[in-house]
Amino acid sequence: MNRQQREKLIAVTKHWSSPMQFDVPMASYSTLRAGGKAAALIDVHCLVELQMLLRQLHEQQLVFRVIGRGSNILVKDKGFSGVIIRLKGEFENISPVQKNSDSDENGEEIVYVGSGCSLGSLLSWCTKQGLSGLECMSGIPGSVGGAVRMNAGALGGEISDCLHSLVLLDAEGIALQVPKSELQFSYRRAGWGEKNFDTLIVAFAVFSLKPEAQEGIHSRCAAFLAQRKGKQPTGVASAGSFFKNPAGDAAGRLIDAAGLKGHCCGEAMISPVHANFIVNTGGSSAADILALMEEVQETVLQRFSVKLEPEVEIL
Ligand code: FAD
C-alpha cells in the first residue's frame, strides 16, 4: 500500500469510532497467535461505514478481507497487503424476535444477527429467549459471519441447518438479501451460484429458530461442550481442526496412524491430544505452521494416498 492510498484511507475514516491502523501484527487477531502483518486493519461499526470503505477500496484497487474472531485463519509471515476489516457495533447486534409478524409458517421465529456477533453470545441469547437450533455451535470460538462462511459444524449439525437467509454485500458495497434456497452449503463451504464467495461479505445472518423450554436448550449446549472436553487440546493456541476430513475418514485418525502426534516444526506441534490440531507452543511463525502442514500432507499422502486439504484459511 503506498502513501497516497494510506492518506486516502485515513481521510475517509478519520471521524469513525475506530481509526484505521497500519502495519498490524495479525498474530494478535488469530487464535493460532502467529502470522505476519496486515498493511491496514479497521473495525467498522455500521453498514454506512462499511459501504463507504468498500467504495474507497474499490476506487483505490486495494484488496480486503473481512475476518471474524480469527479462529480459522493464518496470515503468512510476509503479511497481507490489503485491508483487514472487522465487523463491530451494529454488526454485533441480535434483533429481538418480533413474536407475531416475524414468526414463520412452522411456528419458528426469525432472528436477525449481525455477522460480528460471537457464536457464544448468540447461544446465550438463544438460551435466554428459549430458541433452539444452534446448540451444536457450543464451544466453537468464532463469529456468526465466520461460521456462515465456513459452514461451521460439529457433532452432526451445521450452522446452515437453521439459516433462513443472508444479507450479503458485494465488493462495491451493494447489499442483497439472499434466501437459503439460493445458497449452497456443503462441508465447511458456503456458495452462491457461480459467485466467488471470497469476494462477498456476510453482513447479517437470518435464522429460523424453534421455540423450546430454556432447560432443554441449556442441557444440549452443556452436553455438546462436554463432548469436546478431553478430546481437544485446551488452553493452547490453535485454529481447531487444521485439515478437512476426507470423505469417509477423519484427518486426525490418518495423522495419528502416520505416527505424527507430538511431531514439531519449530514451535508448531501436532497436538498429542488430537492429531488434527496444530498448536503453537510458543513463538511459532506462520512458516513453522505451514512447514508442519506440508509435512503432514506429504506423509499422509505417501502412507495412505490421501491428500489432506487445510480447513484453515491461509491469507
Ligand atoms: P475467521 O477465522 O475470522 O475467518 C474464517 C474465514 O471466514 C476467513 O476466510 C474470513 O475471511 C471469512 N469471514 C469471516 N467473517 C466473514 C464475514 N462476515 N463475511 C465474509 N467472510 C467472513 N470449526 C468448526 O466448524 N467446528 C468446530 O467444532 C470447530 N472447533 C474449533 C475449536 C477451536 C478450539 C478453534 C480455535 C476453532 C474451531 N473451529 C471449528 C474453527 C472456527 O472456530 C470456525 O471455522 C469459525 O466459524 C470461524 O469463525 P471466525 O469468526 O473465527 O472466522
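The values are calculated or read from the model by the stated rules, or taken from the named source; none is laboratory data. Fair warning: this is a prediction, and the values are worked out from it, not measured in the lab. Here the Cβ is made from the backbone with ideal geometry for all residues, glycine too, and neighbour counts use every protein chain on show. Side chains included, ligands, DNA and RNA excluded: accessible areas come from the protein's heavy atoms. Shrake-Rupley method; radii C 1.70, N 1.55, O 1.52, S 1.80 Å.
Residues in region 40-58 that are surrounded by fewer than 21 Cβ atoms within 10 Å (Cβ to Cβ) and touching a residue at least 24 places away in the same chain (Cβ under 8 Å): D43, H45, C46, L47, Q51, M52, R55, Q56, H58. All conditions in (1) within 14 Å of the ligand (Cβ to nearest atom); (2) modelled with pLDDT of 95 or more; (3) not acidic (D, E) hold for K229, with the sole exception of (2).
Let's see how each residue does on (1) small (G, A, S); (2) touching a Leu at 6+ places or on another chain (Cβ under 9 Å):
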site: S143; (1), (2): yes, yes
site: A154; (1), (2): yes, no
site: S160; (1), (2): yes, yes
site: S165; (1), (2): yes, yes
site: F204; (1), (2): no, yes
site: L209; (1), (2): no, yes
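Looking only at region 259-311, which residues are in contact with an Asp or Glu (Cβ under 7 Å, 6 or more places away or on another chain), in contact (Cβ under 8 Å) with a residue 40 or more places away in the chain and acidic (D, E)? Across region 259-311, the qualifying residue is only D288.
Taking region 111-153, which residues are open to solvent by 20 Å² or more (accessible area, probe 1.4 Å), near the ligand (Cβ under 10 Å from one of its atoms) and over 13 Å from G70 (Cα atoms)? Residue satisfying the conditions is G139 alone. Of all residues in region 196-212 being more than 30 Å from Q61 (Cα to Cα) and open to solvent by 60 Å² or more (accessible area, probe 1.4 Å), which is farthest from the ligand (Cβ to nearest atom)? Filtering region 196-212 for residues that are more than 30 Å from Q61 (Cα to Cα) and open to solvent by 60 Å² or more (accessible area, probe 1.4 Å), the one farthest from the ligand (Cβ to nearest atom) comes out as P211. Quick one: in region 248-278, which of the residues that are open to solvent by 20 Å² or more (accessible area, probe 1.4 Å) and in a helix (DSSP H, G or I) is farthest from S238 (Cα to Cα)? Here the residue is A257. Somewhere in region 167-186, is a residue within 16 Å of the chain's Cα centre (by Cα), open to solvent by 20 Å² or more (accessible area, probe 1.4 Å) and more than 9 Å from the ligand (Cβ to nearest atom)? Looking for residues that are within 16 Å of the chain's Cα centre (by Cα), open to solvent by 20 Å² or more (accessible area, probe 1.4 Å) and more than 9 Å from the ligand (Cβ to nearest atom), one finds at least one in region 167-186, hence yes.
For region 142-172, the candidate set comprises residues that are polar (S, T, N, Q) and in a strand (DSSP E or B); within that set, the residue that is farthest from Q56 (Cα to Cα) is S165. Taking the conditions (1) open to solvent by 40 Å² or more (accessible area, probe 1.4 Å); (2) within 12 Å of the ligand (Cβ to nearest atom); (3) within 18 Å of L155 (Cα to Cα); (4) in contact with a helix residue (DSSP H, G or I) (Cβ under 8 Å, 6 or more places away or on another chain) in turn, I314 satisfies each one other than (3). Being modelled with pLDDT of 95 or more, more than 9 Å from the ligand (Cβ to nearest atom) and of a type outside the set (A, V, I, L, M) narrows it down to one residue among R189, R220; which is it? Of R189, R220, the one residue that is modelled with pLDDT of 95 or more, more than 9 Å from the ligand (Cβ to nearest atom) and of a type outside the set (A, V, I, L, M) is R220.
Within region 279-310, count every residue that is over 17 Å from S241 (Cβ atoms) and in a loop (DSSP other than H, G, I, E, B). Total meeting the criteria: 6.
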